[in-house]
Amino acid sequence: MDDNKPNESLLKGYRALDLTEGGCQICGKVLGDMGADVIKIEPPGGSPSRKTGPFYKDDPDPQKSLFWMAYNTSKRGVTLNIEKPQGMALFKRLLKTSDIVVENFRPGYMESLGLGYSELDKIKPGIIMTSITPFGQTGPLSHYKGADIVVWAMGGHAGPVRG
């Protein structure tokens, strides 16, 4: 390995806005680990994921959630209420310097705020938007909730092992 080469990373120079919660936060973590500048956007009062254990030294403090820490390395953070005009304006300002938006709200939520892909693309042409849902954005199951174990089972991955 040539030590004189500058550090290179696959996504250096790209910015992602991460609106995800729960296990979906791994998407932003991977982008950050690959060099992207990831900005985690938390609602007022902090991310609900901060209340997920286990907690460092069994102290249920939102600043000590090991779940939160594991899924949010390689990210910077900001608190915004994207449902309010001021928070939405700040989100749109951040969007102008971003390349990727990652969210896992129920289908139609971003559109209901006026922040669906077609609107975001007007603000930042070419923006990449990833919407993580158990059953997609459209179709008969799109509004169903589902944990990953349900999706695995419905996809056949939880079937019997045959030898």
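Taken together, the values in this text are just the output of simple stated rules run on the coordinates, not laboratory data. All of these numbers come straight from a predicted model, not from anything done at the bench.
Values as computed for the structure displayed
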| quantity | calculated |
| --- | --- |
| Cross-link reach list, lysines versus LYS51, counting only Cα pairs under 23 Å and skipping chain neighbours closer than eight places | LYS29, LYS40, LYS64, LYS75, LYS145 |
| Contact order normalised by residue count of region 77-154, Cα under 8 Å, 6+ apart, percent | 26 percent |
| The chain, relative contact order [Cα under 8 Å, separation at least 6], % | 20 percent |
| Karplus 3J(HN,Hα) series, Hz, for region 141-153 with 6.51 cos²θ - 1.76 cosθ + 1.60 (x for Gly, Pro) | 9, 4, 9, 6, 8, x, 7, 4, 5, 5, 4, 4, 5 |
| Hz values of 3J(HN,Hα) by residue in region 87-102 - Karplus curve (6.51, -1.76, 1.60), Gly and Pro given as x | x, 5, 5, 5, 4, 5, 5, 5, 4, 4, 10, 10, 10, 9, 10, 10 |
